[in-house]
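Read-outs throughout are calculated quantities, based only on the coordinates presented, and are distinct from any laboratory measurement. Model, not experiment: these values are computed from the prediction. Using ideal geometry, Cβ is built from the backbone for each residue, glycine included, and neighbour counts are taken over all protein chains shown.
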Amino acid sequence: MPGNPRTAFVLAASLLASIPALAQPGKDLITLDEFMNATEIKEVRLAPDGSAAVIATVAPDWKQNRFRSDLWIWKKKTGETVPLTRSGHAHSPLWSPDGRYIAFLSDLPVAGLEDKESEEAPEQIWLIGADSGESFPLYQEKLDVHAFAWSGDGSQIFFSCAAPLAKSAEETQKAEWKDVIRWREQERGDLLLAMPVGSAVAAAQDSSPPHPAAAGDNALPLPPGSKTIATSDDAIQEIAPDPKGARIAWVTDSVSRRLEDPKHNEIYLVSSSDGQVRRLTDNDAEENSLRWSPDGGKLFFHVTAAAGAIDGPYRDVQGRLYVLDPARGAVKRLGADFTGSFEGFTVMGDGRLIATGLKGTEQQLYAIDGDRAVRLPGLPGTYAGVDAGLHAHGLLVKHSTLTDPVQVFLAEDPSHPEQAKPISRFNLLFTQRAQPEWRTYQWKADDGTTVEGVLIYPPHRMGEKKLRMLTLIHGGPDGADGNYFAADWYEWATLAAANGWLVFRPNYRGSSGYGDEFMLQISPHLVSRPGKDILEGIDALVKDGIADPERLTVGGYSFGGFLTNWLITQTTEFKAAVTGAGAVEHAANWGNDDLTYDDAWYLGGGAPWQNPGIYQSEAALFQMDKVKTPTLIVAGNADVRVSYLEDVLLERALQQLQVPHSLLVFPGEGHSLGKNPWHGYIKVREELRWLEKYGGQARAAR
């Protein structure tokens, strides 16, 4: 059984020494139990004055069969990072403008208002004092929050939720429809609400048992004192009040959270003076990360990689930054001379933009100045999750390398992140174990394009020849493998290396960080073009004497599963395959998953009946008769990103063809396997066993 997750918490509470050097030869190899017990740093938030920081983490709770989400607080005056919440149900923290409180989301039931009939508790807004004290709810009503933000003066919290039904309307609906789901017909848009914070603070200080406000049968069950600012036909997924208090901007998403038309994803603005709502954008991109300039004159936003495009029809390009003039509605691209992918950004108190930019296998920090993106001096590796305080001069950022666990760093001088000091010490056990070594590897594709990947060697075996090799393929397909730390059921390359595998991680056509053209070349040949890139990389590794041709294996999850399923139809050189959440055909997957619009673009545009040839030619299903590779399949049966039925279809085909296989189904799990940590643990355990059983030894001489 994995170690007690509290151990990692205790270790992390003893903070602010230098990060230890990498482990030296002679150290033990990391075990499966240790690897799967890692704590993930999800978010970091710097206090408005820079004197403190909140860190949100996720870690497995093996006894409760769940993941716990916790908040930690670091304070400059003590130099320590200690737990802020202890419930295991706190995430998405936001500082109040005065730094006195931290608001966060939690699905904990409000004391005295537990609902035993409800299967899932709603996500509600809670507050906790930055100095000490118990957390308390902002309101008592059971409203599932989609997004929230503090007002500029800190007197209110704005939040969005699905428009609730009045009691009489809900009873009428239940009487007529029982438990029948009326697909699309019963969907409702969101309300944007404002809730005074003072009333919640007063109620917490009163300490009397909470009670919901009395409401008539025809009244909406909204918190007393709340005010409806605006209504939306779509869901509201981000809220950004202007610092002067004159306007509120927000980003929408489809109510179903399915990408069927990017027109559901736009930026809107409401004026506090007249309540008029304006749509500020109209394009084929999914905007996110709204940030106002300190003077309230500009609105910055981000379009992540593979999330459409502002300019022209939908297409999956790299991550880009934009600035919007709310008065004129004009949008301008920022940092256009950067050839990589912007992965995130923050706005400093003086108006400067600092962004994280992925280029090749490194993700560094860049200062954005109009069209220019100037790289800041930094350490090798990956910077992520950058954040600046409202009035602070410093910069908070996560940093890691492939062998250095993710830690939170504070840069007192944002222009010199290489001088940043660590304020966390999570997952230090990894530094005490024998470390894999790695390097980049490049090869030429058949069309002359240079393709790059990462080779991760077993500890102390760098440079050896004819190693058994696992080609572990990233998902996305816009993802990219490089110099960053990760340890979970999806990112288990370093564990495979510790188990004696040379791990090849190819950044095939469609990956981010290599330019828009490289990324766009995946369409319309969704699996065949990147599949060729990968096979040509494997051939080069065999030719160079690095990989043993008799001990080649392959695996991947999500789009990595798509490609694994395709590759085993193209060659019999793999002795074993491990695949998960990967489609084997594209017509039903187009209809079943939540990225329908994106699916169609990857296959040249159009629905299956408009482009049947490419839908079929790029599908592994119609070439299954070529498969000889023993294949392990894993799937969550509640997955809507890639339908679980695709995995069942693959299993049926392998059964029919009498190819050795196994299908593991994780009940109740979606695409991210975020429900029960044991599912991810068993997934990786069985994948390692499968690789060892079928691919670990050279084939007997014939």
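Tabulated results
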quantity: Pairwise centroid distance, computed over Cα atoms, of the range 359-403 with the range 495-516, Å; calculated: 22
quantity: Amide H contacts of Ser558 (H built 1.01 Å from N, under 5 Å, at least 5 apart or other chain); calculated: Gly580, Ala581, Gly582
quantity: Rounded to whole Hz, the Karplus (6.51, -1.76, 1.60) HN-Hα couplings of the range 423-430, x for glycine and proline; calculated: 10, 9, 8, 7, 6, 5, 4, 4
quantity: Beta bridges by DSSP in the chain, antiparallel share as percent, to the nearest 5; calculated: 80
quantity: Partners for Lys398 among lysines (Cα-Cα distance below 27 Å; same-chain residues under 8 apart left out); calculated: Lys27, Lys42, Lys75, Lys76, Lys77, Lys298, Lys359, Lys421, Lys675
quantity: For the range 560-702: rounded, prolate or oblate by the Cα gyration tensor [a/c cutoff 1.5]; calculated: oblate
quantity: Per-peptide average of other Cβ atoms within 10 Å, ordering 336-349, 599-612 highest first; calculated: 336-349, 599-612
quantity: Förster-model FRET efficiency, 22 Å R0, Asp282 and Thr231, C-beta, rounded to 0.05; calculated: 0.70
quantity: Nearby lysines by direct alpha-carbon distance to Lys465 (threshold 20 angstrom, same-chain neighbours under 8 apart not counted); calculated: Lys543, Lys575
quantity: Other-chain or far-sequence residues with amide H under 5 Å of Trp438's (modelled H); calculated: Tyr457
quantity: Convex hull volume of the range 436-695 per residue (C-alpha atoms, cubic angstrom); calculated: 113
quantity: Rounded FRET efficiency, nearest 0.05, which uses the C-beta distance separating Ala246 from Ala336 and R0 of 41 Å; calculated: 0.85
quantity: Distant-in-sequence amide H partners of Glu343 (H built 1.01 Å from N, under 5 Å); calculated: Thr356, Gly357, Leu358
quantity: In Hz, Karplus ³J(HN,Hα) per residue of the range 657-665 (6.51, -1.76, 1.60; θ = phi - 60°; x = Gly, Pro); calculated: 8, 6, 8, x, 7, 8, 10, 9, 10
quantity: Most to least packed among 579-589, 268-278 [average Cβ atoms within 10 Å]; calculated: 579-589, 268-278
quantity: Helix-derived mean residue ellipticity, 222 nm - over the chain, DSSP H n ≥ 4, -39500 (n - 2.57), to 500; calculated: -5000 deg cm²/dmol
quantity: Student exercise, the chain dipole from Lys, Arg, Asp, Glu Cβ charges, in Debye to nearest 20; calculated: 1780
quantity: Relative contact order of the chain, pairs being alpha-carbon contacts under 8 Å that are 6 or more residues apart, as %; calculated: 10
quantity: HN-Hα J in Hz across the range 149-159 - Karplus 6.51, -1.76, 1.60, θ = phi - 60°, x for Gly and Pro; calculated: 7, 6, 5, x, 9, x, 7, 9, 10, 8, 8
quantity: Rounded D (µm²/s) - the chain, Kirkwood Rh over Cα pairs, Stokes-Einstein at 20 °C, 1.002 mPa s; calculated: 80
quantity: Antiparallel %, DSSP beta bridges [both residues in the range 436-695], to 5; calculated: 35
quantity: Ordering of 238-249, 504-515 by burial proxy (mean other Cβ atoms within 10 Å per residue, highest first); calculated: 504-515, 238-249
